[in-house]
Protein chains: 2
Amino acid sequence: MRRTKSESEETRQHIVDAAETVFLDMGVSRASLERIAQEAGLTRGAIYWHFSNKQQLFNAMTDRVRSLHSALLEAQIDETSTDPLGFIEERAFEIVRLFEENEHTRKVYQIIVTRCEYVGEMQEALVWQRSLHDTMAAVFERAFELAESRGELSNGWDARSASTTFLCFISGMLNDWLRYDFNSEFAKSVRCSLRCLLNCFGASSR
Amino acid sequence: MRRTKSESEETRQHIVDAAETVFLDMGVSRASLERIAQEAGLTRGAIYWHFSNKQQLFNAMTDRVRSLHSALLEAQIDETSTDPLGFIEERAFEIVRLFEENEHTRKVYQIIVTRCEYVGEMQEALVWQRSLHDTMAAVFERAFELAESRGELSNGWDARSASTTFLCFISGMLNDWLRYDFNSEFAKSVRCSLRCLLNCFGASSR
DNA sequence: CCCTTTACATACATTGCTGTTTGTATATAT
DNA sequence: ATATATACAAACAGCAATGTATGTAAAGGG
């Protein structure tokens, strides 16, 4: 029954797909490799061939979507940018769109938020989540600082307060979205709030 | 060795305390009742006497802190209030203070955010979390609507956008705080941002 | 064409936790 | 003073999942 190399890669992806489904359904701890194998139409033997254990399978699953998210944050702001607040708005909308359109991203992040316990080996996941958060924070802080130096921040705001506020907003939005499984109506509402908030950051310049 | 009634209640509390510690340390799934009993200086027999299983123990743990949080939200805004934005600020600061000062609250919510998998019986916990969230949302929406009807909202903002923004901010703040175990420095930073945000909601009236 | 390796399936042994049952000493009621 | 219920400890039975070891059919290299 042995498969060719590309077929093997396919089954590997099938296993990761099955893991997404089962982790979401049963939580990472309760999910047995038996159940995941069954979901993928295989046996545990196949899983242990491709992954050394459940943890490594989990890591493979997160790796697959992490690259999508990281790509969004590679776009550092140009020092000569004329519209830092516009840059911020664009990045934020890209994030919302990613979660709206990419089901893998939604599923995996829902697992991360509501189907995981960050202890033992699993704490590594918290580490990269935090580093991702910090990267995002750095990108936005940089943009807010540029906005401040250009005098584009409304009085009442400084770069630090604005970026902290903004990051909490983004965090909370995604958290509420995934934790309470809000519908697409929520995305609309969020876009509206996002525009109001950014407008308010820079309103006094008009 | 049988204890008196009040002593029994004490051991019950000790068990819940031990559960907090062990759940935080090992996650709810991996935490064995054996380990919790050991942490409390007892045996599993004692736990099974006071609670029917791990789930009920978890519920007892959350019940103990839930009342604290609910109490904060009972203070509905007075229809005749002259300063709805001030009311909102006060409630928000009370929440921050609660998490800063009450260690049980911090521990339990950290468990809720990073040491739980919401599947099976555990989904009940998500239900009351959502209802708590909705209650909080209602309280703040009400206040924002009052502010709007009084013309106290800065132009650019409406009650819906403002309350959505505000709720996401609160959610994100608590989530980041507990997920990444931010220090008390973070609380300061948050207070500052909170003031800026509320100031910006009502800034145009000056 | 043969040998080795790959990509799995199947079978086995171990373990850790759970729920229950039984035991027991002491409050508490009568 | 005796009986009963309480508040636990200790012992027991059972399962479910894990990791490993073995089996096996086909792919790929020489």
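The values are calculated or read from the model by the stated rules, or taken from the named source; none is laboratory data. Remember, it's a predicted structure, so these values are computed and weren't measured experimentally. Note that each Cβ is placed from the backbone with ideal geometry, even for glycine, and that neighbours are counted across all protein chains shown. The protein model used for the area step is the full one, side chains on, heavy atoms only, and it has no ligands, DNA or RNA in it. Shrake-Rupley method; radii C 1.70, N 1.55, O 1.52, S 1.80 Å.
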Taking the label point as lying 7 angstrom from Cα along the Cα-to-Cβ axis, what are the distances from B:T21 to the corresponding position in the remaining copies, in ascending order and in nanometres?
4.4
Distances in nm between the label point of A:H104 (7 Å along Cα→Cβ) and its equivalents in the other copies, shortest first, are 4.5
Give a residue-ordered list of calculated ³J(HN,Hα) values for the range B:15-30 (Karplus: 6.51 cos²θ - 1.76 cosθ + 1.60, θ = phi - 60°; whole Hz; x for Gly, Pro).
4, 5, 4, 4, 4, 3, 4, 6, 4, 5, 6, 10, x, 5, 5, 6
Sorted from largest down, give the three principal axis spans of the alpha carbons of the range A:65-205, whole angstrom values.
46, 32, 24
What are the label-to-label distances in nm, one decimal and shortest first, from A:A138 to the same spot in the other copies, with labels 7 Å along Cα to Cβ?
4.5
Rounded to the nearest 10 degrees, what's the angle between the helix A:103-114 long axis and the longest principal axis of chain A, both from Cα atoms, 0 to 90?
90
When all C-alpha to C-alpha distances in the range A:58-102 are sorted into bins of 10 Å, what percent of pairs does each bin hold, rounded to whole numbers?
23, 45, 23, 8, 0
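How much of the accessible area of the range B:65-205, probe 1.4 Å, is carbon plus sulfur, in whole percent? Mind dumping the intermediate values first?
Details: 2610 of 5700 Å².
So the carbon and sulfur contribution to the accessible surface is 46 percent.
Regarding the range A:1-51, what is the average projected area of its C-alpha convex hull, in nm²? Intermediate values should be presented prior to the final figure.
Values: hull surface 12.9 nm².
Its Cα hull, projected and averaged over all orientations, spans 3.2 nm².
Over the whole of A:171-182, what's the average partner chain Cβ count within 10 Å per residue? Rounded to a whole number, please. Display every interim value, and only then the final one.
Numbers: counts 11, 13, 7, 4, 8, 10, 2, 0, 8, 7, 2, 1.
Partner Cβ neighbours, averaged per residue: 6.
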B versus A: buried accessible surface, summed, Å² (probe 1.4 Å, to nearest 100)
3900
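Hey, got the average number of other protein chain Cβ atoms within 10 angstrom for residues in B:119-131?
Values: counts 11, 3, 0, 4, 1, 0, 0, 4, 1, 0, 2, 5, 0.
Across the residues of B:119-131, the mean count of other-chain Cβ atoms within 10 Å is 2.
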Of the listed peptides A:173-182, B:14-23, A:115-124, B:93-102, what is their order by residue-averaged count of other C-beta atoms within 10 Å, with the highest listed first?
B:14-23, A:173-182, A:115-124, B:93-102
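So how many Å³ per residue does the convex hull of the Cα atoms of the range A:18-114 work out to? List each step's numbers first, then the result.
Numbers: hull volume 9.9 nm³, N = 97.
Enclosed volume per residue, from the Cα hull, is 102 Å³.
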Solvent-accessible area per residue for the range B:65-205 at a 1.4 Å probe radius, Å²?
40
Peptide B:27-39 - average C-beta neighbours from other chains (10 Å radius)
2
Given B:K54/B:K188; A:K54/B:K54; B:K107/B:K188, the pairs whose alpha carbons are separated by over 28 Å:
B:K54/B:K188
Short to long, in 10 Å steps from zero, the percent of alpha-carbon pairs of the protein assembly as shown per bin is 4, 20, 27, 24, 15, 7, 2, 0
Computed helical MRE - 222 nm, chain A, DSSP H runs ≥ 4 contributing -39500 (n - 2.57), nearest 500
-25000 deg cm²/dmol
Could you let me know the centre-to-centre spacing of the range B:109-161 and the range A:9-25, using Cα atoms, in angstrom?
34
